[in-house]
1. Run the simple label-point estimate for B:Ile143 and A:Lys292 please: 7 Å along Cα→C-beta, distance reported in nm.
2. Treating each Cα of chain B as an identical point scatterer and ignoring solvent, apply the Debye formula and state log10 I(q)/I(0) at q = 0.08, 0.11, 0.12 Å⁻¹.
3. For the stretch B:256-307 and the stretch B:23-37, what is the separation of their C-alpha centers, rounded to whole Å?
4. Any chance you could run the full-extension gain for B:Glu415 through B:Arg215? It's 0.36 nm times the residue separation minus the Cα-Cα distance, nm to one decimal.
5. Taking 1 over the mean of 1/r across every pair of different Cα atoms in the stretch A:11-136, what Kirkwood radius in Å do you get?
6. Quote the relative contact order of chain A in percent (integer), defining contacts as alpha-carbon pairs under 8 Å separated by 6+ residues.
7. With label points built 7 Å along Cα→Cβ from the Cα atoms of A:Thr27 and A:Met115, find their separation and express it in nm.
8. Need the list of lysines near A:Lys156 for cross-linking: C-alpha distance under 16 angstrom, and skip anything on the same chain fewer than eight residues off.
Amino acid sequence: MGKSSWMIKLFFSMKPSVAWKFIKGFTGAKKYYKTSSGNAAVDMKSLLKCAHCPNMCKFECPSLRVTHKEMYAPAVKARLSYLIERGDLDPADPHTAEVPYLCVNCDGCRNWCPMDISTGQLLKAVRADLVDMECISEDLKDFDTRVLENDTIFSKTTFSARPEFDIRAENPDVFYFMGCVMAEKKPEAVLANIAILKKAGVKFSTHASERSCCGGPSNTVGFRATTRHLAEKNLALFAKAGAKTIVTDCPACADTLRNVYKELGIKHDYMVLTTIEFYKILIDQGTLKLEKPVNETITYHDPCISARRFGDVESARHVLGKVPGLVLKEPFLTKEETQCCGMGGVSHVHHPTESEAIGSQRFAQLVKTGAKSIVSSCPACEEGFIIARENAKGKDKVLDIAEVIVNALD
Amino acid sequence: MNLDVVYKKRVEIKDLDGLVKDLKAIAGEQWVSTEEADLVAYSKDAMLITNRWIIEKKVPGLPHVIVWPENEDQVSKIVKLAAERKIPVIPYGEGSGVVGAAIPVYGGITVDLKRLDKVIDVNDKDLTVTVQTGINGKALERILKEKGYLIGHVPQSFHTASVGGWIAHRAAGQFSTKYGKIEDIVLSMRVVMADGSIVDTKLYPRASNGPQLERLFLSSEGTLGIVTQATLKLWPWPEKQEGVAFAFSDWGHALETVRLVLRQQIYPAVVRIYDPIETERHFYKEPKAKGKLMTVFVCEGIAKLVDLELATVRAEAEKQAGIDCGQDPVHHWFETRFDVKETSTWTPKDVIFDTIEVSCMWKDAVALYDNVVAEMRKVPGMAMSSAHASHFYPQGVCFYFTFGGVSSGKLSADEFFNAAWDAAMVGTLKSNGSISHHHGIGIVRARWMKPEHGPVLELMKRVKHALDPDNIMNPGKLYEEADK
């Protein structure tokens, strides 16, 4: 018996008139996949598939769990977005235009989807359409203006204010691409990464004062032209620096450089690695030795992008497992079932209340492990937990994985 | 909005602005909405033909306003307000119902209970958990699993259903042969009645203290009140879980195996028998099952009991010439049990389909399967009708039918859908079956309530009238057909 044999048998048992209607149905489905604007970038077929599902991922959607509103359930977001794209709902209505934005792009839905659909990925194209139609909030317009003016999601000085970040090697093997959030919010982790790379003997450059945001956040909320602009600047800088491998401390930057540029038709052949992927290689090669005991108990939070987009839950554990004396206490929901930190989908820019509520839920799960340090490998997650800690008036340490590893260097 | 409304006969609300203002005073500004996107979001549940309506540019029904209360007190005030103004109230949990019970067929106030999602108490000694009913099933399972417990109620809609929905539809889960259906699991509940009063039923393991009125709310589909809190039975997380699979030559041998196992008071948690069409569809990798009926058993609990249950199942299956198919079909069942792709795959291809679950006593089982399949095949445009037996009792069985076809000849898509449903109901009633096992009545089956119950329906209506004299609680469902 083959996978489709029941269907083939069924087809040949049908009356000719019924079989003909089936053929017409199969060949005519594309009539339901048209946008009113003719925009082919929106995947209407998958949006409709998602819209037709009884919401089998519903429990996992962090946006729904904090808003409690049906409008933000994954399949309902897909249904309403399908109706917007088909011209049945008016995106000039600000409440309607909000629909595709209340998604933190955590891919939790995809983890449970029998059709392997990420609602968040589909919504990115709808957001881009809303940007083109100028149906977006003032917060988002301000965000785009800021990125274009500053070349980072923060201030002009995010990278340039710290000369110690700026490293330039002759013929480097690696370009260390520090994320905007890491540089702005976790400068100690950037310094830790620099120390680790130096200790491992890696020849690397950062060109910190010249670098720009990867463009990932802009792409996520729909500003694709901005992403293209930033991509051009970054690729020019990589070419100038001369390294063939890009190592970044931010999984979202890695996803943008590795995947989003290609999705936008921007080609390059740099190898892009996250710091944890790179450190795992260095450890296995024997060039990075973690020998000094770190007698601490930590818990580890898998960033959504690493665990679900890249399918990598092992690199971080491999690296942490090499730190002598370190005890790892896993949270109840971990690895592929990790929960969003609240910062995904650039939600802290356009829906800060919901973003912080999501972050607080995950923070509470991590605190429950009893570990005194919460460790992750994504600056956005770490920022989310720092905010959650402040809101909870907690005292737990929030660390980047580099800050743990650096303590194990002799 | 460029969409037609199927259920157009909305009640007239004279002062909607005033109503919205009053609701905001109860629930708070941000928890009341008349925004178009919200109204469309709450226009449907998971009733399958409503997916067809999306591509036909239709919405089933629009509420006038949606409110998200935070607690029973707010629910009570909202219902009281609706009672004073005689406005329909439609309780909404997770919207996973497949019979249209959450569709606001006359408009009104949709009351979403998702904010009532707290676990109030877990009692290890009594083995109970008390929850607010807006909590999602899988979310609740995660909380309980972390503490080492389970409820054992795992419907296919587990990921997308609420405890309130389980109660409102008297639901049944995949592991129900062991753990029971929701009526076996619920011990007590808190209900906001149609006049806004709040009633708590007493918690006890069992009592002889007069009619059990809380039973009325099981399967009431929001027509008698809103269940806002419930105490459910718990069990320690099972020590062992193991399955077996056998292929049988016909329904008689497969059903007889299960009947004889249950007759010995052996209750495997999961039992599923798939007819040859569904066996070929789901278990195509198993050559021994070709042309046969795949039967999956899963036993769980303490190891000694599981071993005894498996041995009993094996012995009875062998007596009925069952072919041992090993563990692969069991693993496949676990891997795919929540894979609901059909609604997404077939609807855009203009295929109209649905699932219909009915029950009967053992003596009528084989005849019911044959009759329902035969009746459905008479419907013009019908391409497929198949079934698996999904739930079992020492006294009888539930069949879960699937039909699929196309609008053909003079039948529109809606007419084909209704004709298929009517055929299944005719076949069921002809075989002494009951028209719904666990999905409920809603709007899909309302026209079949009279043939199902006869004079008992009048008794139900009297109860409904006594508790909700102005018929504000989810009108157009269960006892009456909704006007289009």
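1. Label-label distance for B:Ile143 and A:Lys292, simple model: 4.5 nm.
2. The Debye formula, applied to the Cα set alone, gives -0.49, -0.94, -1.11.
3. Cα centroid of the stretch B:256-307 versus Cα centroid of the stretch B:23-37: 49 Å apart.
4. Details: separation 200, 0.36 × 200 = 72.00 nm, distance 3.52 nm.
Stretched fully, the B:Glu415-B:Arg215 segment lengthens by 68.5 nm.
5. On the way: mean 1/r = 0.0650 Å⁻¹.
With all distinct Cα pairs of the stretch A:11-136 included, I get 15.4 Å.
6. On the way: 708 pairs, mean separation 60.8, N = 410.
Normalised by residue count, the contact order of chain A is 15 percent.
7. In this crude spin-label approximation the distance works out to 2.3 nm.
8. Straight-line reach from A:Lys156, under 16 Å: A:Lys185, A:Lys233.
Every number here is computed from the coordinates shown, using simple stated rules; none is lab data. Note that the coordinates shown come from a computational prediction; the quantities given were computed from them, not determined experimentally. Quick reminder, even Gly has a Cβ in these numbers, built from the backbone with ideal geometry, and neighbours come from all protein chains shown.
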